[in-house]
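Have a look at the structure below before the remarks.
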Amino acid sequence: MEPFIKPFHYNFIRGQVDLLTHQLTTVHDADVLEAVIYSAAQKIFDLLPVLTAEQEELLMHIRTAQAESDLIQYLEQLRPYVQPFPPISESQLRELFKKTKKLRIPPLQSIDFLKTTYVSWNDTGNKKKFLVYRLDGEWVGIESTYLPTIQKGICTICHQYSDVTLVSARTRQSADHYRAVGNYMCIDSDHCNEQVTDPSSLEKLLAKMK
């Protein structure tokens, strides 16, 4: 069976597993517990509505969980079927930011693409943040600046309470007019990637910025 679960799908499923793990230790009514497990399974299937019989069978294993160890095993069973971030080379990244002088790209081998919904890195010396994503079949690269001030808040991309900073990028409104678009985002993009469960906010953001 080919990988069919995107990293943000896996994050969502892991979130449901975390909720079930808590319920297994606090809920002692069998009927209530069965309803909670059914609800979690339904949310997962709503997330992935088009499945083969084999894929459906794999995801259905969550319905048989009786203990925390079963849920841990369930996540391990799913891991081989996570699709990594689409392959991208250093030369492709440089082409996306060809107007950027002295572009510093992190070693691609240091990125865990199985946990990556979008590629991003910080140039701390110049207070710049770079974002790369495959949007509508095309690579989109955004160069932005960020404030050195870090605060607790809700990230625009992952919607989680985290360490965020104000990130701004210029967007072109007309041939000779630009405006800055600012949003609070996680300063740590690796941590953000581990929390993304839906890329729609990221896609809307990139559509405005590109």
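Please treat every number below as a calculation from the coordinates, not as lab data. Quantities reported herein were computed from a predicted structural model and do not represent experimental measurements. Here the Cβ positions follow ideal geometry from the backbone for every residue, glycine too, while neighbour counts run over all protein chains shown.
So if I take the centroid of the Cα atoms in the stretch 38-106 and the same for the stretch 143-157, what is the distance between those two points in Å?
For the stretch 38-106 versus the stretch 143-157, the Cα centre distance is 25 Å.
Simple spin-label model, 7 Å along Cα-to-Cβ: Asp136 to Gln77 in nm?
4.0 nm
How big is D, in µm² s⁻¹, for the stretch 90-209 by Stokes-Einstein at 37 °C and 0.692 mPa s if Rh is the Kirkwood radius over C-alpha pairs? Please report the intermediate quantities before stating the final value.
Working: Rh = 14.8 Å.
My calculation gives 222 µm²/s for D.
For the chain, take the longest principal axis of its alpha carbons; what is the angle in degrees between that and the long axis of helix 7-26, to the nearest 10 within 0 to 90?
40 degrees
With no solvent and one equal point scatterer per Cα, compute the Debye intensity ratio I(q)/I(0) for the chain at 0.09, 0.12, 0.13, 0.15 Å⁻¹ and report its log10, rounded to two decimals.
Results for the chain at q = 0.09, 0.12, 0.13, 0.15 Å⁻¹ read -0.43, -0.72, -0.81, -1.00.
Quick one: give the max-minus-min coordinate of the C-alpha atoms of the stretch 1-118 along each principal axis, largest first, in Å.
62, 31, 21
Helix 68-78 versus the longest principal axis of the chain: what is the Cα-based angle in degrees, 0 to 90, to the nearest 10?
50 degrees
Round to the nearest 10 and give me the degree value, 0 to 90, for the angle of helix 30-47's Cα axis relative to the longest principal axis of the chain.
40 degrees
Taking a threshold of 26 Å on the Cα-Cα distance, which of the pairs Lys6/Lys127; Lys115/Lys204; Lys99/Lys208; Lys102/Lys204; Lys128/Lys208; Lys101/Lys208 fall above it?
Violating the 26 Å limit, Cα to Cα: Lys6/Lys127; Lys102/Lys204.
Normalising by the residue count of the stretch 90-209, find the relative contact order in percent from Cα pairs under 8 Å and 6+ residues apart. Provide the component values of the computation, followed by the final result.
Values: 190 pairs, mean separation 24.2, N = 120.
After rounding, I find 20 percent.
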